[in-house]
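Worksheet: one structure, shown below.
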Amino acid sequence: MEKTLILIKPDAVIRGLNGAIIDRFEKAGLKLVALKMLQLSKEMAGRHYAVHAGKPFFAGLIEYITSAPIVALVFEGDKAVELARKTMGATDPAKAGKGTIRGDFGENIERNSVHGSDSPENAGIEIKLFFSGFEQMDYQLKK
Ligand code: IDP
Ligand code: MG
């Protein structure tokens, strides 16, 4: 079954939105299989956002993502990556639909409340950055 990495970003953690955000993914039908709270070092933030190195917003993004704790989550489900991205909405909260996480909670294009992997391949790479195999649970959701 497909997995995706989700991060609840500092803007949402410091506003007490963890439960509300996890609820959106669970209501979308995704199964939570791993979670932890941590505060990223600049080094780890740089690794997670390596594809954006050199972009004008990179330095600000690293500053922001390391500014407070984040909550890292792994969700599993059929087409988990695509389903999670749909649940999150567009990168810019101003363009994200009502009822999406970013549309409802995001503050601006940087402080947009959540990260989600953009492909199954990248999900595999990102999950390994945050979780060992032992930290990912295997269970059946009761229907
Ligand atoms: P995504 O999170 O929807 O996949 P990406 O383009 O991969 O969007 O960008 C990664 C993160 O970098 C965004 O979620 C946001 O926090 C930040 N970001 C993206 N574009 C901008 C921008 O133009 N200004 C400031 N921050 C940005
Ligand atoms: Mg991205």
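Taking all protein chains into account, the per residue accessible area for region 1-114 stands at 47 Å² (1.4 Å probe). Straight-line cross-link partners of K31 among the aspartates and glutamates, defined as a Cα under 20 Å from its Cα and at least 8 positions apart when in the same chain: E2, D23, E76, D78, E82, D118, E121, E126, E135, D138. Could you please state how large a percent of the accessible area of the chain is carbon and sulfur, counting protein chains only and using a 1.4 Å probe? About 56 percent, which is the carbon plus sulfur part of the accessible surface. For the chain, the residue among G133, G29, A90 whose Cα projects farthest onto the positive side of the dipole built from Cβ charges is G29. Size descriptors for the chain, from the alpha-carbon set: Rg then Dmax equal 14.2, 46 Å.
Once divided by 2.2 N^0.38 Å, the Cα radius of gyration of region 73-116 becomes 1.10. Between region 9-28 and region 79-128, the alpha-carbon centres lie 12 Å apart. The heavy atoms of R85 offer some 90 square angstrom of accessible surface to a 1.4 angstrom probe. Pairs from the table (K95/K128; K27/K98; K27/K79) lying more than 21 angstrom apart at Cα are K95/K128.
The values are calculated or read from the model by the stated rules, or taken from the named source; none is laboratory data. Keep in mind that this is a model prediction, so the values were computed, not measured. For neighbour counting, all protein chains shown are included, and Cβ atoms are generated from backbone atoms with ideal geometry for every residue, glycine included. With ligands, DNA and RNA removed, areas are computed over all heavy atoms of the protein, side chains included. Shrake-Rupley method; radii C 1.70, N 1.55, O 1.52, S 1.80 Å.
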